[in-house]
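One structure below.
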Amino acid sequence: MDTATTFAEKLREARKNAGLTQEQLAEKLLVSRQAITKWESEKGLPDIENLKRLSQIFGISIDDLLSSKETEFYGVYREQIGLGHYEYHPKLHGVWRKKTGQKDMVVLEKFPDAQIHRLICKQVLSQNEKILDNLIGFLTDAPFGIPELIYSLKNLEKEFYLICQGEQQFFTVVTDEWIESRKLPQKISEKKFQIGDLLLTDCGVLPK
């Protein structure tokens, strides 16, 4: 099996696991949909910059993307949850939002032996979104524009975590309906870091 065939299969599966269409992935990479189609149909490979971007988006190392071996984990794993099944008592645990506490309980249950770091998230705007955001803020005297507000509302009901389990790390997101985890290709030790278009800040270890 040649490199192009292996890459095409992994890219297609990772994209589908992440719930992205070819158009949506193309938009994230700032390439045409035809480029994605070409890569997924074994007719070419992306350049190194796009390989780096794909590695960030899917949490897969470039070596794993191009390897002829089947990788242990790539793409995104998502599992449905029932948040109402978790009884959370704010006065006992110290987190003021009930749903935040329930989501903490979800990750503690899924990763009982791991060190879990709570993260706060800010969406990184594209260049066009930054221009629009600044323009709207300038015209309305608002501290931020519509794009930043939309992303803030979009992520309002999500909680973000960095899971450290032995030598492995996972980036995990919990909503009211599901928990989603991806294995990170490289170990993260910085307090602030970026995954895909998310700028994340480590707020410390979650107490058990």
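The values are calculated or read from the model by the stated rules, or taken from the named source; none is laboratory data. It should be emphasised that the depicted structure is a prediction, and the values quoted were computed from it without experimental measurement. So basically every Cβ, Gly included, is an ideal-geometry build from the backbone, and we count neighbours across all protein chains shown.
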Query raised in the report: Of all residues in the range 13-27, how many are at pLDDT 75 or above and either buried (at least 16 other Cβ atoms within 10 Å of the Cβ) or of a type in the set (Phe, Trp, Tyr) (or both)?
Result: 6
Requested in this report: Among residues belonging to the range 173-190 that are among the hydroxyl-bearing types (Ser, Thr, Tyr) and out of contact with any Ser or Thr (no Cβ under 7 Å at 6 or more places or on another chain), point out the one that is farthest from ILE60 (Cα to Cα).
Outcome: THR175
Requested in this report: Please list, ordered by first then second residue, the pairs with beta carbon atoms under 7 Å, 6 or more apart or interchain, first in the range 58-77 and aliphatic (A, V, I, L, M), second loosely packed, with under 14 Cβ neighbours inside 10 Å and modelled with pLDDT under 65.
Outcome: LEU66/THR3
Requested in this report: Scan the range 45-59 for residues that are surrounded by 13 or more Cβ atoms within 10 Å (Cβ to Cβ), in a loop (DSSP other than H, G, I, E, B) and more than 16 Å from the chain's Cα centre (by Cα) and jot them down.
Outcome: LEU45, PRO46
Requested in this report: For GLU42, indicate whether it is surrounded by fewer than 18 Cβ atoms within 10 Å (Cβ to Cβ), of a type outside the set (Val, Ile, Thr), at pLDDT below 85 and assigned to a loop (DSSP other than H, G, I, E, B).
Outcome: no
